[in-house]
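The values are calculated or read from the model by the stated rules, or taken from the named source; none is laboratory data. This structure is a prediction, so every number in the text was calculated from the model and none was measured. We place every Cβ from the backbone using ideal geometry, glycine too, and count neighbours over all the protein chains shown. The accessibility values were calculated without ligands, DNA or RNA, using every heavy atom of the protein model including side chains. Shrake-Rupley method; radii C 1.70, N 1.55, O 1.52, S 1.80 Å.
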Amino acid sequence: MTSLKHYIIVSYTPWRTTPSRTQQFAARLRDGKVLFFQPSRPGHSYRDPGRQVRPNVTVYALPPVRPLPEHAEFLQRHTGRRLAAYIRRTALHHGFRDPVLWTTQPQHVYLLDYLNVRGLVYDCDADWSELPPRWEGDLAAAADVVFAASPGLLDRLSPCNANIALVPNGVNFPMFSRPGLEVPPLLRDIRGPVMGWVGRIDKGLDLTPVEYAAWEHPEWTFVMLGRVGDHPRLSRLSRLGNVRLLGRKPAVEVPDYVSRFDVCLDLRRREQDFSDVIPRRIYEYLSTGKPIVTLLSHDQVEEFPDVIYGAHSPAEYCRLCERALEEDPHWVSPRRRDYGAAAAWSRRAQTVQRILGAIGL
């Protein structure tokens, strides 16, 4: 019988009910045992016993780490040695031998000198350009394989490692594509068109297109799902009678809400460098087959231009929402679902496992 492979995954996000990219891959490493190390956070101490969240995945919290300036090289190495010692003790407790180390952010470069592993994976799904480039460059160069979530990230990391693969984000396709979903009680009183957004609402989100369209079309209802933070336009938006801020909903309920959307909205974030990483939200929208309207930056390359309406101003955004409502559902919906199916996490994981198998990891 073939022995199980051992994987140590160090994640920059915690294990949560709405699975992250790292969780999706960890849960699908079914030919191995996984120790998943998440950042320290309130309510989850490194002194707590591990939580078995999947038959093959056990989650531990790392010891707390305080932010350090870039030039504090000695302290960075000391922190890396301390975290590595905790990971090493935990791995030995589980009988791990010759594990593969799976890293997810540049700071993890400081673990490499203190862990004995038989392979190194760097999965990059975010733009870390605000961190010292040397960290990510050294981590990518040391990796046996680099997975990049977007063409932009792939271009940036390609000079560091020739063994690099484009693996975009994915979607729970069966969850969002299944027919006959039940409309949630909070939306059952709506009779007209529903324009829906799924994602957090904070001060970085450009809500201008929603405000413009909601004012132009009082007969439309705008449903905003996601955690609501501080935003200078929220009070004005909430006074509009056709905007509903419903807050964050459990992941299992989100498809029910999206099933009532007539048009799925994508919005842009202000005051940050453009990232070409496609958010999970877009793949969820595509999986439903419903029309999607997005707000583009001036020099942005359109993703899925054949199935997503791309606007460059609030007025154009409103016009494209009008056009989307008139769309023949038999025209482009199947093509959107095909894009969603191609992005299923099961397919993304197959790509990752095929590459890992080819290099012996």
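Yes/no per residue for (1) part of a helix (DSSP H, G or I); (2) more than 30 Å from Arg28 (Cβ to Cβ); (3) among the hydroxyl-bearing types (Ser, Thr, Tyr):
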| site | (1), (2), (3) |
| --- | --- |
| Ile282 | yes, no, no |
| Glu302 | no, yes, no |
| Ala315 | yes, yes, no |
| Ala341 | yes, no, no |
Would region 258-266 turn up any residue that is of a type outside the set (Lys, Arg) and farther than 22 Å from Asp338 by Cα?
no
Within region 296-319, take every residue that is open to solvent by less than 20 Å² (accessible area, probe 1.4 Å), more than 29 Å from Arg178 (Cβ to Cβ) and in contact (Cβ under 8 Å) with a residue 40 or more places away in the chain and give me the one that is farthest from the chain's Cα centre (by Cα).
Cys318
Name the pairs: first residue in region 343-357 and modelled with pLDDT of 95 or more, second residue open to solvent by less than 40 Å² (accessible area, probe 1.4 Å) and of a type in the set (D, E, K, R), Cβ to Cβ under 9 Å, at least 6 apart or on different chains?
Trp345/Arg21; Arg348/Arg21; Val352/Asp123
Residue ID - surrounded by the most Cβ atoms within 10 Å (Cβ to Cβ), chosen from residues in region 119-167 that are over 15 Å from the mean Cα position of the chain (by Cα) and polar (S, T, N, Q):
Asn161
Among the listed residues Val252, Val228, which satisfies the condition of being within 20 Å of Ala344 (Cβ to Cβ) and surrounded by fewer than 17 Cβ atoms within 10 Å (Cβ to Cβ)?
Val252
Any idea which of Leu237, Leu267, Leu186 is of a type in the set (A, V, I, L, M), under 19 Å from Ala311 (Cα atoms) and in contact (Cβ under 8 Å) with a residue 12 or more places away in the chain?
Leu267
Counting only residues that are of a type outside the set (A, V, I, L, M, F, W, C), give me the strands (runs of 3 or more DSSP E) lying completely in region 114-173 with at least 3 of them.
119-124
When the residues of region 62-80 are narrowed to those that are charged (D, E, K, R) and either within 16 Å of Thr13 (Cα to Cα) or open to solvent by 100 Å² or more (accessible area, probe 1.4 Å) (or both), which ends up modelled with the highest pLDDT?
Arg66
If you go through Phe36, Phe96, the only one that is within 17 Å of Ser20 (Cβ to Cβ) and open to solvent by less than 20 Å² (accessible area, probe 1.4 Å) is Phe36
Just wondering, is there one or more residues in region 323-333 that are part of a loop (DSSP other than H, G, I, E, B) and open to solvent by 60 Å² or more (accessible area, probe 1.4 Å)?
yes
Just the residues that are open to solvent by 10 Å² or more (accessible area, probe 1.4 Å) and closer than 24 Å to Pro255 by Cα, please, taken from region 191-205.
Arg191, Gly192, Pro193, Val198, Gly199, Arg200, Asp202
Options Val59, Val53: the member that is among the aliphatic types (A, V, I, L, M), closer than 26 Å to Arg280 by Cα and surrounded by fewer than 20 Cβ atoms within 10 Å (Cβ to Cβ):
Val53
Does any residue in region 116-131 that is under 13 Å from Arg156 (Cα atoms) come within less than 7 Å, Cβ to Cβ, of a residue that is surrounded by fewer than 17 Cβ atoms within 10 Å (Cβ to Cβ) six or more places away or on a different chain, and which pairs are these?
Asp127/Asp273; Asp127/Ser275; Ser129/Asp273
